[in-house]
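*Asks:* The structure under discussion is supplied below as structure tokens; questions concerning it will follow.
Laboratory data are not the source of any read-out in this text; all were calculated from the coordinates shown. Treat the numbers as computed from the prediction; the structure is a model and nothing was measured. Reconstructed Cβ throughout: ideal geometry from the backbone, glycine too, with neighbour counts over all protein chains shown.
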Amino acid sequence: MVTEEREGLTVAQTQGSDPSMEHDPPDVPFNVAAVEGSELDYVQQAIQGGHPASGGEFTRRTAELLAADAGSAEVLMTTSCTAALELSAMLLDLEDGDTVIVPSFTFTSTALAYARQGAGLVFCDIEPRTMGLDPDHLATLLDEHVRAVVVVHYAGVACDIEGIRRVLAPWPRVRLIEDNAHGLFGTWRDQPLGGFGRYAALSFHETKNFVCGEGGALLLNDADDVDRARVLYDKGTNRRAFMLGQVDKYTWKDTGSSFGMADVLAAYLLAQLEQRHVIQAKRRRVHDHYDAALTPYADELGFEVMQVPEDSGSAHHMFYVLLPDRDRRNDVLESMRKKGVQAAFHYLPLHASDAGRRFAVRETDCPVSVQVSERLLRLPFHNNLTEAELDRAAAAFLDATAAAARSR
Ligand SMILES: Cc1ncc(COP(=O)(O)O)c(C=O)c1O
């Protein structure tokens, strides 16, 4: 049984249920990490090559592919997106009293990476159009203590980049960081997500579009950061300069940690990334299927279907809907679970969490984050959902929503 909060599956699987109807495991699971190309072959090569640690040939090829996509000065492959965010936090060289603005509606890592590095947190609300940071709220939170603003492209849809840039324009010292865990190969006005911030972090956790078990990357979009970042990345040493023949021995230079992705995992990941057009087309098909099946019933049954603004090219990380309130959302989740379809809620607002309260420098109101957290439901979403599974998931959702609407 899956009980990980990351996937928001716990309510659906623990609330009152009829054992005779239970489906465990579900017939239509929420996520399946698929093999899409040369994964096994590449992993075998990485192992047989005798250098499966970080910094090998597969790591180099993977980083180059990602750098070319976003136009980055350098890409560092990391053990996770959390690690990439932590590395970006180290690059900020935070001092006492510095703060970082983060969304309340996001995974813990978006905030914890900066708290761990000593930043005071300021939680910003999201706006309902994109579920990204709300520029109007952001404008009220900026002051001389703020060193960075972290945005998330929720579900693979760009946040309001234009609005956020406008609000940040009078604050040149504030760095924009993209937590792009959902948005790899998404675009805004035809420009790649991950290319807008000074840094951008990616995730290759098994729940993402491109996977290698656990993995991440930090995109450095400013060449000035590259040398320092390489040292922090390599346990505080100038090993990279040594490998590039720039120095004749390497020594301890700075703080840092062991951030590098193992080459054996980069091999797994490279095979997935090589299939990016195939994978993204499969995911677009899932999105379009749900959109066509659900949208005609939205008004009648009282739910909202996720929207992709005109100027965004979605990365199709997930498909979500909004129910009128938490009770109805939970009823629908439970009813779908009984029918063998694994849907999920998502993040609990960080500003109201124990650690969020502890690390926030002041209380802020994030009403949209609270509402969205209570109302949002994600449908099963992975590369290889069949037409029959998609029909079954959509029908289970519509039946459950109609029943929930009738019972209130
Ligand atoms: C927005 C966001 N940021 C960061 C992470 C953490 O990613 P990782 O598990 O690769 O550290 C997640 C994980 O689900 C996420 O959704």
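*Asks:* How large is ³J(HN,Hα) for each residue in the range 363-380, as worked out from phi by the Karplus curve 6.51 cos²θ - 1.76 cosθ + 1.60 (θ = phi - 60°), to whole Hz, x for Gly and Pro?
*Replies:* 6, 10, 8, 10, x, 5, 4, 5, 4, 5, 4, 6, 9, 7, 9, 9, 8, x
*Asks:* Run the numbers on the chain and let me know its relative contact order in percent, using alpha-carbon pairs under 8 Å that are six or more apart.
*Replies:* Here the relative contact order equals 25 percent.
*Asks:* Related question: How would you order 287-300, 116-129 from highest to lowest mean count of nearby Cβ atoms within 10 Å?
*Replies:* Highest mean packing first, the order is 116-129, 287-300.
*Asks:* Here's a follow-up. Quickly work out the Lys235-to-Glu300 label distance, labels modelled 7 Å from Cα along the C-beta direction, and quote it in nm with one decimal.
*Replies:* Simple spin-label model gives 6.4 nm for this pair.
*Asks:* Restricting attention to the range 139-200, which GluC sites (Glu not before Pro) occupy a DSSP loop and are surrounded by at most 15 other Cβ atoms within 10 Å?
*Replies:* Glu144
*Asks:* Follow-up question, since we're still on this one. Subtract the Cα-Cα distance of Glu387 and Ala223 from 0.36 nm times their separation in residues, and report this length gain in nm to one decimal.
*Replies:* 54.5 nm
*Asks:* For the range 210-222, take each phi angle, set θ = phi - 60°, evaluate the Karplus expression 6.51 cos²θ - 1.76 cosθ + 1.60, and give the result in whole Hz per residue in order, putting x for glycine and proline.
*Replies:* 10, 10, 8, x, 10, x, x, 7, 10, 8, 9, 9, 10
*Asks:* A follow-up question, please. Show me, for the range 223-240, the HN-Hα J-couplings you get by feeding each phi into the Karplus relation (A = 6.51, B = -1.76, C = 1.60, θ = phi - 60°), rounded to Hz, glycine and proline as x.
*Replies:* My calculation for the range 223-240 gives 4, 4, 8, 5, 4, 5, 4, 5, 5, 4, 5, 9, 6, x, 10, 9, 4, 4 Hz in order.
*Asks:* In nm, what is the difference between 0.36 nm times the number of residues separating His145 and Ala53 and their Cα-Cα distance?
*Replies:* 29.2 nm
*Asks:* Given the Cα-Cα distance of Leu244 and Asp136 and 0.36 nm per residue of separation, how much length would full extension add, in nm?
*Replies:* Stretched out fully, the Leu244 to Asp136 stretch lengthens by 34.3 nm.
*Asks:* On to the next question. Would you please give the residues with an amide H less than 5 Å from that of Phe319, counting only those at least 5 places away or on a separate chain, with H modeled from the backbone geometry?
*Replies:* Residues meeting the amide H criterion: Leu379.
*Asks:* Another question, then. Would you mind checking which residues have amide H under 5 Å from Ser54's amide H? H placed 1.01 Å from N; only 5 or more apart, or other chain.
*Replies:* Under 5 Å from the amide H of Ser54: Asp263.
*Asks:* Hey, rough spin-label estimate for Thr251 and Arg129, points 7 angstrom out along Cα→Cβ, what's it come to in nanometres?
*Replies:* So the two model labels end up 5.5 nm from each other.
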